[in-house]
Amino acid sequence: MSPSPASSPAYQTPNYLNAVKGVGSWLTTLDHKRIGVMYLVLTVLSFFLGGVFALLLRIELVTPGPTIMDAMTYNRMFTLHGVIMIFLFMIPAIPGIFGNFFIPLMIGAQDVAFPRINLLSVYLYLAGAAIAVWGMIQGGTDTGWTFYTPYSTTTVTTVAPVLLGAFILGMGSIVTGLNFIVTVHTMRAPGVTWMRLPLFVWAMYATSVIQVLATPVLGMTLLLVAFERVFGFGIFDPARGGDPILFQHLFWFYSHPAVYIMILPAMGVVSEVVQTFSRKNMFGYKAVAFSSLGIAFVGFFVWGHHLFTSGQSTFASGVFGVLSMFVGLFTAIKVFNWTATMYQGAIQVSAPFVYFMGFLYFLVFGGLTGIALSTVSLDVHWQDTYFVVAHFHFIMVGGTIMAFLAGLHYWWPKMFGRMYSERWALAAAVLVIVGFNATFIPQFLLGNMGMPRRYYSYPEQFWPLNVASTAGASLLGLGFTIVLVYLVVSLVKGRVSGPNPWNSRGYEWNTPSPPEAQNFPETPVHDRGPHEYQDGPAAEVKHAH
Amino acid sequence: MTATTHSEGKHLGPAQYVMVWVALMVLTGVTLAVWKADLGYSARVAVALGVALVKAALVAIFFMHLWEERGVARLTLVVAGLLVLLLIGLTLVDNATRFPYANPPYSESWKDAPWQKDAPPMQGEPPPVRVTPADRSTHPAGHAP
Amino acid sequence: MHTEAAAAPSRLAHHFPDMKTQEHAARMGMWLFLSTEILLFAVLFTAYALYRFLFPVGFEEASRLAHVAMGATNTVVLITSSLTVALAIHYARQGENRKVVGLLAVTILFGVTFMVLKGFEYHHHWVDGQLPGRFYSYSGLQGPGVSMYFALYFLMTGLHGLHVLIGMGLLGWVAWRATRNEFGPGYSTPVELSGLYWHLVDLIWIFLFPLLYLL
Amino acid sequence: MNLVNEFLRKLLFLPLQASEWARQLDYLHYYVFITAMLGAWVTLATAVVFMIRFRRKHAEQSTPIVDPKPIHEAVFIGLPLVLFLSYFAIGYPQYVRLQTPPKGAIDVYVQGKKWMWKFAYPGGPNSTDVLRVPAGRPVRLLLTSRDVIHSFFVPALRMKQDALPGRYTQIWFNADLPGRYPIFCAEYCGLGHSSMLGELVVMPPAEWDEWMERERRSNQPQAQDGQPVEAEQVDLRGSLVDQGRRIAAVQGCFKCHTVDGTQHIGPTWLDLYGRTVKLENGKTLVADEAYLTRSMMEPNAEVVAGYKPVMPTYQGKLAAPDAAAITEFIKSLRTDAPTAEPQKGPIYVPVTGK
């Protein structure tokens, strides 16, 4: 983030970006907004690194046989693509950036509850990322991001650093979640009751609960795998009476809720976006708020639907299968309520709203394919095929990244005081959405045909659809690059946005853009919920004292 | 302003702490006595785990001041406990109801494998040796209950 | 910048409205952290439950090799140390820092006792070859599930022992602060938080002891 | 029905349905597909209509508060719940059927191994990568793995089951459409994951009976890559060559080295002794006893060109006589050597179904 010339009007007013100068002030900052910006830089870097791997993988798959790399490189690359995208982008991105930046602004607090621990989470992220990247340089892991034993305990590649990196990243994730829960509980300004909490905060709260309660299980499980590799204790070793399926239970006990760590914040972001750009209060606020908690809760009961073909018992599969249907239910509630929010609204179709529509589309299809996948017998055909790959990319890329981009465009003027080029933004949004469909719809069909995932080469009947998928991926890559370019350009050349360019009544917009180092000179007092647009101009916020 | 956020009048004093400690000691003694008496496997498990739960509750409620704490702390502990039970419970349900030979070889569910001796040999797997506590009596650490 | 020094006069960080909220937040954070610790151990408890279920005979026989006398002594030691910590918190709230230092010193001593006894146990198992996984070489007991018991025994007690060491470090730091008369009616959060941590360590041992030694 | 089935099958790019179960599963697939598509497009069309209908007229436009009545939320919850549970209600019994083999099914042992499938039939016959089954008769597969988790996947049967090392999982099918169908490994298992391909040959029953009879008569099970068999384990003082094979198997050499000339992680042992090998550093040398022994103790000192230095050292793990025995075993592996007695593979005993 290069600071703008001092002459620029956006930065003439004092704000958090220019309050203290110098690299050192950033590295030791306790300001939640600066920490959010640091997360922005780090996670976006990771995203593009993971994206480059994804493109290389797709290029490799253009022809049925070897194309640009050998099988070992391919295996390492899809592992790194998974590890980077999940642990370095999906899980930390929205909580780290928007959660840090906006939760205190939304609830009227001066900072998160534990600012030093918040800074610690950035350094844990850096340390985890550094160790994982060091592992890559050492040769890289070829286990896939799922680290299934006994493959992960017997492979000759360097697994331990990646395990350790993921463990440390998990600690960072726990710390972030813990901070948010305490912040939401203890630091709400007068008038910000639980039933007036912005829906983004509700979603982040539910996410944090999962982060705090599920992540330790992953951490310990990964440590056990590392132990297994180094010492051979035999916890998961079939030759010593260990049960490899136990690893899968433990792994998915975290990693299924982790999917909700990735998508719940996205749902929170679009809840804000749809309200602002429809100028409407949320239809069914309570339903949307509580369904976040519902997802967090039920999300813990369904991990076994990843194990339908693993040798898990028929009975257990039934239990997990029926419970899985309820998770889909909560998502459906949200989708219907977002749609109904648009009813009688005053909709402004600008870039964030286009991303919202894209999100809705991808979430509906990603979610429904998820329900189809957890239909026990259908999963027998689809498990470990490209259908699964396409499904979770629909949710993760189509859902989370659409929402991430929606939030980024929506809050960009708040974070940096600048407007991006709306024309470029709309063009990029359309390109991303089209490219995304072109990439992953063929993969659904490949899954139906029976192409297993993590395939380096494949029989010829899968060829045409793979070519289509790769073509789509290149569009997608182009789209993301355009977004990066015009956003960076807007930092220097963008029009000054003013405090509230969207006329939003979200609580966070009651500050200058960009906000000052101290969020609120006086503690704000709210006497109405966020996003109430039923009367004239934006509601005045009273101040205490 | 008083010491803490706790509502007044609920603070425990040293006397109460010592009483809790005595209770914990007695319960430890009960566990050990039941173990010595060797009332059979299920009784031993039930008593040991039941007493452990009571002891844990005593420590949490009194030593950890859950008694005086606001609801969130209690909720946190209860939710964490429930998740532990969930993880253990559903994992065990799976293993208990699986196709028996999908469990580790020579585990409990392989007991009656009719074809065990004829099954194809599997690499690196130990033969099913009976537990042979032969030289335990001579062993310094030996102390069967 | 809200550093420790800046907040020193009132100990109130700039972003909290009052001490009451700040302490409540600190304790809530600690409780959440404790719940993550519980789930960290949950993995090992799950593995234990599963393998005990699969290898009941192996586990029962192997647990007879555990040193019950030392385990029971350690239980008594930890429970008593919990009492001393609880009393230390009590006196910290009263501002009696000398008593706090004394009680915490006794607690740390108990911690040392625990670790030394644990060391003796480890040593015995080591000498006898009662070790995890592929290191298991004890001829007196062979069979399915036995080496798994020792894998879990060492992992669970090892992780617990690590927590005891961390807890001793925390209590030492708090005791050092108590020697500087830092605690009193207005401020005793560090004692309470590290006390909570120590109690959790005790809580986990309360389950480990019967599971590993008596069942 | 048939036409509709064919149309939807091709629309969804599904492969042929080679069993009744696959057909049933596809019907559920169509049901899920159609209902989900309908629901999704109705929702999304509503969203698009709202987006067009309720465009913003001016920046400060105010909007009414619209809150849901309980009936709205009830519908939002009820409709998808009923739909989703209907998926489960149809799908779960299907799954239970797949997991419950009928009595009298033909048992086939399936062994996954990096990176091939081995099949063993009752009475001794076995094969690699090609599974022959009779059409119209139930077949139960008992799957296991030699190394890591593999997953036995036949798209034409819509059927998949993981093969776990050291234990057995089961699945059954009744293929009724003679033909040849690909078998994939669906669980990632390393370098050769995507080339771990097999073929399911569904034969007319009479043909299969004939084939089976022929196989049984010439019941000479093929070598299982030098894996020790029970007969060998009894004879502890066999020849040095036999000892070598046994030790090599115990030490896991065959995870990387083959004895039949096929390419694997390490060089094949067939005809290795006396061969002139080219090293990674460009030098060449003759693989003699000294080189073979050195390769076991310091494997990464002289790596043959084209292979990765991935072999662990056996220094300290292999006693000198053991290393010598392995060397003798390698020396015995010559294509021009007179064939010794046929090796015996494991004998599989039929398993009665539920």
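The values are calculated or read from the model by the stated rules, or taken from the named source; none is laboratory data. What you see is a predicted model, and the numbers here were worked out from it, not measured in a lab. Every residue, glycine among them, receives a Cβ derived from its backbone with ideal geometry; neighbour counts consider all protein chains shown.
Which number in (1) under 15 Å from the mean Cα position of the chain (by Cα); (2) closer than 23 Å to residue D:35 by Cα marks the one condition that residue A:388 misses?
Single failed check for residue A:388: (1).
Quickly run through the range A:518-528 and pick out the residues that are out of contact with any Leu (no Cβ under 9 Å at 6 or more places or on another chain) and either within 14 Å of chain D (Cβ to nearest Cβ) or in a loop (DSSP other than H, G, I, E, B) (or both).
Result: A:518, A:521, A:522, A:523, A:526, A:527, A:528.
Do we have any residue at all in the range A:169-189 that's within 14 Å of chain D (Cβ to nearest Cβ), touching a residue at least 60 places away in the same chain (Cβ under 8 Å), among the aliphatic types (A, V, I, L, M) and in a loop (DSSP other than H, G, I, E, B)?
No.
Could you grab me the full set of residues in the range A:419-466 that are over 24 Å from the mean Cα position of the chain (by Cα), farther than 18 Å from residue A:384 by Cα and hydrophobic (A, V, I, L, M, F, W, C)?
Of everything in the range A:419-466, just one residue is over 24 Å from the mean Cα position of the chain (by Cα), farther than 18 Å from residue A:384 by Cα and hydrophobic (A, V, I, L, M, F, W, C), namely A:463.
Name the single residue, out of those in the range B:31-45 being of a type outside the set (Lys, Arg) and within 16 Å of residue C:209 (Cβ to Cβ), that is surrounded by the most Cβ atoms within 10 Å (Cβ to Cβ).
Result: B:31.
If the requirement is being closer than 21 Å to residue C:37 by Cβ, more than 9 Å from every other protein chain (Cβ to nearest Cβ) and within 18 Å of the chain's Cα centre (by Cα), which of these qualifies: B:84, B:78, B:59, B:30?
Testing whether each residue is closer than 21 Å to residue C:37 by Cβ, more than 9 Å from every other protein chain (Cβ to nearest Cβ) and within 18 Å of the chain's Cα centre (by Cα) leaves just B:78.
So if I check each of A:316, A:340, which one is within 9 Å of chain D (Cβ to nearest Cβ), assigned to a helix (DSSP H, G or I) and among the small types (Gly, Ala, Ser)?
A:340
Which of the residues belonging to the range D:70-126 are small (Gly, Ala, Ser) and surrounded by fewer than 17 Cβ atoms within 10 Å (Cβ to Cβ)?
D:74, D:78, D:86, D:89, D:104, D:123
Only one residue in D:171, D:183 is within 15 Å of the chain's Cα centre (by Cα), within 27 Å of residue A:64 (Cα to Cα) and part of a strand (DSSP E or B), so which one is that?
The match here is D:183.
Starting from the range A:279-294, take each residue that is more than 8 Å from every other protein chain (Cβ to nearest Cβ) and on the phi > 0 side of the Ramachandran plot and list its partners that are among the aliphatic types (A, V, I, L, M) and part of a helix (DSSP H, G or I), counting only C-beta distances under 7 angstrom and pairs at least six apart or across chains.
Partner pairs satisfying both residue conditions: none exist.
Here is a yes/no grid of residues against (1) farther than 25 Å from residue C:133 by Cα; (2) not β-branched (Val, Ile, Thr):
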| site | (1), (2) |
| --- | --- |
| C:19 | yes, yes |
| C:32 | yes, yes |
| C:42 | no, yes |
| C:65 | no, yes |
| C:75 | yes, no |
| C:78 | yes, yes |
| C:81 | yes, yes |
| C:89 | yes, no |
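From the list C:70, C:115, C:148, which residue is touching a residue at least 12 places away in the same chain (Cβ under 8 Å) and closer than 18 Å to residue C:200 by Cα?
C:115
Can residue A:232 be described as under 30 Å from residue C:18 (Cα atoms), among the small types (Gly, Ala, Ser) and either touching a Phe, Trp or Tyr at 6+ places or on another chain (Cβ under 9 Å) or more than 14 Å from chain D (Cβ to nearest Cβ) (or both)?
When the stated conditions are applied, residue A:232 does not pass them.
Checking the structure you have, find out if any residue of the range A:467-475 is among the hydrophobic types (A, V, I, L, M, F, W, C), over 26 Å from residue A:381 (Cα atoms) and assigned to a helix (DSSP H, G or I).
Yes, that holds for at least one residue.
Working only within the range A:416-432, note down all residues that are touching a residue at least 12 places away in the same chain (Cβ under 8 Å) and surrounded by fewer than 23 Cβ atoms within 10 Å (Cβ to Cβ).
Selection gives A:419, A:421, A:422, A:424, A:426, A:427, A:430, A:431.
Can you say whether residue A:445 is surrounded by 23 or more Cβ atoms within 10 Å (Cβ to Cβ) and either in a helix (DSSP H, G or I) or more than 14 Å from chain D (Cβ to nearest Cβ) (or both), as far as the supplied structure shows?
Here the answer is no, as residue A:445 does not meet what is asked.
Quick one: what pairs do we get from the range A:368-381, first residue within 7 Å of another protein chain (Cβ to nearest Cβ) and within 18 Å of residue A:311 (Cβ to Cβ), second of a type outside the set (A, V, I, L, M, F, W, C) and outside any helix (DSSP H, G or I), C-beta under 7 Å, 6+ apart or different chains?
Short answer, once both residue conditions are applied: A:380/A:309; A:380/D:158; A:380/D:160; A:381/D:158; A:381/D:160.
If you take the residues in the range D:136-153 that are among the small types (Gly, Ala, Ser) and surrounded by 24 or more Cβ atoms within 10 Å (Cβ to Cβ), which one is farthest from residue A:153 (Cα to Cα)?
D:151
Here is a yes/no grid of residues against (1) at positive phi; (2) outside any loop (DSSP other than H, G, I, E, B); (3) at pLDDT below 50; (4) among the hydrophobic types (A, V, I, L, M, F, W, C):
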position	(1), (2), (3), (4)
B:101	no, yes, no, no
B:112	no, no, no, no
B:117	no, yes, yes, no
B:120	no, no, yes, no
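Could you grab the pairs with beta carbons closer than 9 Å, sequence gap of 6+ or different chains, first residue in the range A:229-258 and hydroxyl-bearing (Ser, Thr, Tyr), second one not in a helix (DSSP H, G or I)?
A:255/A:145; A:255/A:146
State whether one or more residues within the range A:231-238 are assigned to a helix (DSSP H, G or I) and either under 16 Å from the mean Cα position of the chain (by Cα) or closer than 28 Å to residue A:167 by Cβ (or both).
Yes: one or more hits.
Quick one: residue C:181 ticks every box in (1) touching a Leu at 6+ places or on another chain (Cβ under 9 Å); (2) touching a residue at least 12 places away in the same chain (Cβ under 8 Å); (3) farther than 30 Å from residue B:53 by Cα; (4) not in a helix (DSSP H, G or I) except a single one, so which number is it?
All conditions are met except number (1).
Would you confirm, using the coordinates I've provided, whether residue A:351 is under 30 Å from residue A:431 (Cα atoms) and within 9 Å of another protein chain (Cβ to nearest Cβ)?
When the stated conditions are applied, residue A:351 does not pass them.
Can you tell me how many residues in the range D:18-45 are in contact with a Lys or Arg (Cβ under 6 Å, 6 or more places away or on another chain) and away from chain A (no Cβ under 11 Å)?
0
Restricting attention to the range C:86-106, which residues are more than 10 Å from every other protein chain (Cβ to nearest Cβ), crowded, with 18+ Cβ neighbours inside 10 Å and touching a residue at least 24 places away in the same chain (Cβ under 8 Å)?
The answer is C:88, C:97, C:100, C:101, C:104.
Check C:162, C:109, C:83 and return the single one that is surrounded by fewer than 17 Cβ atoms within 10 Å (Cβ to Cβ), free of Cβ contacts under 8 Å to residues at least 12 places away in the same chain and closer than 26 Å to residue B:13 by Cβ.
One residue alone meets the criteria, C:109.
Could you grab me the full set of residues in the range B:49-90 that are more than 23 Å from residue C:193 (Cα to Cα) and not aliphatic (A, V, I, L, M)?
B:50, B:89 - these are the residues of the range B:49-90 that are more than 23 Å from residue C:193 (Cα to Cα) and not aliphatic (A, V, I, L, M).
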